[in-house]
């Protein structure tokens, strides 16, 4: 069995994990460029944790400036087996007011400026994204939320917009009409890249606002969001601490195959693969490329 290493990507408002013990930082080089920040290694209740602030400390990076490939690559190099994304978002549902937590299970990708795959010319791979979230991680997160007394909605669709601007009213009404639950700017292509790297992934969407569809909240402002972020961040840190205490110490095989997504994904013949690209894929796809 493989020992579990829990990765945490901290979104807006979550720039550290004060519960971490035995902390040390590591600057991990990636062939895909600069990650958002150094990773922080530590433990909670003896479980190895690797933490990465998505926007860097001080919120230096906008959603469109994040190097998602480098972030996932360095987390893979750090040994992460299971990855939790903590993400601020807007809500399209009256029953998901600011302060709500949602365990999303589906994504819609509306981004257009970001590199969304480790693979391409010289080594082509097609992973399944039918079920983008690892069900075991969602079960563990729901149990941790119950134990902490945190109300959490199980299931929902997250639409990822490019940003950094907030939605127009027409966009907001379109997404609401289509039945989406929440909107954010960061979970894509993050979830796709985690799947390509064979890391089990789950997202906790933390509602900060009603986007602009709501008649009483027709203009989203950073000031409004910041007022909710602090409360959400404190709850998120408590959720992570509880999750770590109860998390299995051995990595559980994913029932949908997240951790073996490349078994049937590579289509380029071995003799046609680009050696330069293969070298960049050493962490992400080394398991299948070496076999």
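The values are calculated or read from the model by the stated rules, or taken from the named source; none is laboratory data. All figures in this text were calculated on a predicted structure; none of them were measured in a lab. All Cβ positions, even for glycine, are placed from backbone atoms using ideal geometry, and neighbour counts span all protein chains on display.
Taken over segment 5-33, the residue count meeting the criterion of being under 30 Å from residue 278 (Cα atoms) and not in a strand (DSSP E or B) is 8. For segment 261-274, indicate whether the set of residues that are touching a residue at least 24 places away in the same chain (Cβ under 8 Å) and touching a helix residue (DSSP H, G or I) at 6+ places or on another chain (Cβ under 6 Å) is non-empty. Yes, segment 261-274 contains a residue that is touching a residue at least 24 places away in the same chain (Cβ under 8 Å) and touching a helix residue (DSSP H, G or I) at 6+ places or on another chain (Cβ under 6 Å).
Would you check if there is a residue in segment 223-231 being in contact (Cβ under 8 Å) with a residue 40 or more places away in the chain and surrounded by 22 or more Cβ atoms within 10 Å (Cβ to Cβ)? Within segment 223-231, none of the residues are in contact (Cβ under 8 Å) with a residue 40 or more places away in the chain and surrounded by 22 or more Cβ atoms within 10 Å (Cβ to Cβ).
Does segment 64-86 contain at least one residue that is under 20 Å from residue 233 (Cα atoms), in a loop (DSSP other than H, G, I, E, B) and touching a residue at least 12 places away in the same chain (Cβ under 8 Å)? No - not one qualifying residue is present in segment 64-86. Across segment 275-291, the qualifying residues are those that are touching a helix residue (DSSP H, G or I) at 6+ places or on another chain (Cβ under 9 Å) and under 14 Å from residue 121 (Cα atoms), and the one among them that is surrounded by the most Cβ atoms within 10 Å (Cβ to Cβ) is 281.
Considering 140, 126, 112, the condition of being over 29 Å from residue 234 (Cα atoms) and either free of Cβ contacts under 8 Å to residues at least 60 places away in the same chain or touching a helix residue (DSSP H, G or I) at 6+ places or on another chain (Cβ under 8 Å) (or both) is satisfied by 112 alone. Taking the criterion of being surrounded by 20 or more Cβ atoms within 10 Å (Cβ to Cβ) and within 14 Å of residue 179 (Cβ to Cβ), the residues of segment 80-101 that qualify are 91, 92, 96.
Evaluating residue 206 against the criteria (1) under 22 Å from residue 50 (Cβ atoms); (2) in contact with a strand residue (DSSP E or B) (Cβ under 9 Å, 6 or more places away or on another chain); (3) modelled with pLDDT of 95 or more; (4) surrounded by fewer than 21 Cβ atoms within 10 Å (Cβ to Cβ) leaves one unmet condition, (4). Scanning segment 143-162 for residues that are touching a strand residue (DSSP E or B) at 6+ places or on another chain (Cβ under 9 Å), surrounded by fewer than 15 Cβ atoms within 10 Å (Cβ to Cβ) and touching a residue at least 24 places away in the same chain (Cβ under 8 Å) yields a count of 3. Which one is farthest from residue 192 (Cα to Cα), of the residues in segment 242-275 that are in contact with a strand residue (DSSP E or B) (Cβ under 6 Å, 6 or more places away or on another chain) and part of a helix (DSSP H, G or I)? This residue is 244. The single condition from (1) in contact (Cβ under 8 Å) with a residue 60 or more places away in the chain; (2) touching a helix residue (DSSP H, G or I) at 6+ places or on another chain (Cβ under 6 Å); (3) within 23 Å of residue 283 (Cα to Cα); (4) in a loop (DSSP other than H, G, I, E, B) that residue 1 fails is (2). Of all residues in segment 50-63, exactly one satisfies the criterion of being in contact (Cβ under 8 Å) with a residue 60 or more places away in the chain and more than 15 Å from the chain's Cα centre (by Cα), namely 62. Is it the case, given these coordinates, that residue 8 is touching a residue at least 40 places away in the same chain (Cβ under 8 Å), crowded, with 24+ Cβ neighbours inside 10 Å and within 17 Å of the chain's Cα centre (by Cα)? So residue 8 passes the test.
Candidates are the residues of segment 11-33 that are without any contact (Cβ under 8 Å) to a residue 40 or more places away in the chain and surrounded by 13 or more Cβ atoms within 10 Å (Cβ to Cβ); the one that is farthest from residue 83 (Cα to Cα) is 23. Of the strands (runs of 3 or more DSSP E) contained entirely in segment 88-191, not one carries at least 1 residues that are modelled with pLDDT under 95.
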